[in-house]
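This report refers to the structure that appears directly beneath it.
The values are calculated or read from the model by the stated rules, or taken from the named source; none is laboratory data. Treat the numbers as computed from the prediction; the structure is a model and nothing was measured. Cβ sites come from the backbone with ideal geometry, for glycine too, and all protein chains shown count toward neighbours.
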């Protein structure tokens, strides 16, 4: 019995020892691996719990534009590391932005007289694709590039070296065929009111004969009118854009423009409409003078020029103002609009069937009225009266022109037309200060096509008591 108990004790001891050894095997040591990445990249594994002695491979992967710089937690320099796990370990993959070496080149783009370029260039990165447009001024044409064999005015080039380009332009040769000065000729085909005509620089002068109880307009007065048109359209004057001015003459002739097919004319009468019986300006008169209605239906006509105007004081100044005011009305309305780029809309005063409230000339007139430069009492006193706008705008252009030329102080009685036109706008400086929109309008659209007549020449032509000679010479 004792032997049996001893044997059982030995067996239990063996079993117990065996169980303890198995438990030791199952209780293997593990360590924690933590892997992270700074901005600029990623890692192939974020780690985990590994048994002691485990082999683990980690790869650091840089984002585009970054580069791997090393590990925090390891002295390994490669972005790929193999680790034997024998302790807890924290690894951080480090990255930095790659500093690109950018090569820059100097690009210089210029334009010769007669045009502009869309860019002046600068310091540009290698490989930059640069588009350049050369635009010719009115009256000029693009002829090519210095620094490039490209023939087009629009080019695109890839920058891989310093570059200097110059856009070249040349003046367009203007034909002189439109600057014709005709003879004053008898003309029975106009109407029973007019008996002579003269063609000058795109304008047909219609000269009243002995009709309606009034004497005929003298030939010399008609020639003074013709010479005034020539003075106002001198293509050789300083600041004149000859191409735009020739275009103006084409517009006057009705060859193109808003009144195409209806050539512009200038009527010249004696005294005033009411001096005729019946007045050719009345409905009765138009029907009474044979051919007058047909004439009006076939031409673009505006104001009259009156010889010995009923309101004239018979002075040279009165004659100059009478002639210039109404000749300018004709040129402003039927010539300047459309001659210079942008002026077709900018100078539109045809308010009867169009909205002109956003045109440059309307806005300039409103500014002049608001600033006390342009008074409208003589036109009904209501600047908002749409029906009066065409007349107001026509008068505004004439007054603006006189102000920019300094003619008001020279030729208006007493040197003033206030309150219709404020004395503070009788010079270019005054206009610029008190009506800047008008100043810009005149310089952009009127000055390039209408030339300022010489004051001494005008005083020689128009002297007191109807003296002075026109100096008109036909071709």
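Is it the case, given these coordinates, that residue 127 is more than 11 Å from residue 167 (Cβ to Cβ) and either at pLDDT below 95 or surrounded by fewer than 17 Cβ atoms within 10 Å (Cβ to Cβ) (or both)?
When the stated conditions are applied, residue 127 passes them.
Just one of 57, 78, 45, 49 is in a loop (DSSP other than H, G, I, E, B) and touching a strand residue (DSSP E or B) at 6+ places or on another chain (Cβ under 8 Å); which is it?
Checking each option against the conditions leaves just 45.
If I filter region 431-446 for residues that are farther than 30 Å from residue 381 by Cα and within 36 Å of the chain's Cα centre (by Cα), do I get at least one hit?
no
Hey, any hits in region 376-390 for a residue that's within 22 Å of the chain's Cα centre (by Cα), at pLDDT 95 or above, over 22 Å from residue 259 (Cα atoms) and surrounded by 17 or more Cβ atoms within 10 Å (Cβ to Cβ)?
Checking region 376-390: not a single residue is within 22 Å of the chain's Cα centre (by Cα), at pLDDT 95 or above, over 22 Å from residue 259 (Cα atoms) and surrounded by 17 or more Cβ atoms within 10 Å (Cβ to Cβ).
Look at region 110-136 and say how many of its residues are in contact (Cβ under 8 Å) with a residue 24 or more places away in the chain and outside any strand (DSSP E or B).
6
Given the criteria assigned to a strand (DSSP E or B) and either surrounded by 13 or more Cβ atoms within 10 Å (Cβ to Cβ) or in contact with a strand residue (DSSP E or B) (Cβ under 6 Å, 6 or more places away or on another chain) (or both), does residue 107 qualify?
Yes; evaluated as a whole, the condition is true for this residue.
If residue 139 satisfies all but one of (1) free of Cβ contacts under 8 Å to residues at least 60 places away in the same chain; (2) within 29 Å of the chain's Cα centre (by Cα); (3) within 29 Å of residue 241 (Cα to Cα), what's the number of the condition it fails?
So the condition that residue 139 fails would be (1).
Given the conditions (1) at negative phi; (2) not in a strand (DSSP E or B), and given that residue 267 satisfies all but one, which numbered condition is not satisfied?
(2)
Filter region 376-422 for residues that are in a loop (DSSP other than H, G, I, E, B) and closer than 22 Å to residue 302 by Cα and give the result.
Within region 376-422, 376, 380, 383, 385, 420 meet the criteria.
Taking residue 139 and the conditions (1) crowded, with 16+ Cβ neighbours inside 10 Å; (2) touching a strand residue (DSSP E or B) at 6+ places or on another chain (Cβ under 6 Å), which numbered condition does it fall short on, given that it satisfies the others?
Checking residue 139 against (1) crowded, with 16+ Cβ neighbours inside 10 Å; (2) touching a strand residue (DSSP E or B) at 6+ places or on another chain (Cβ under 6 Å), the one that fails is (2).
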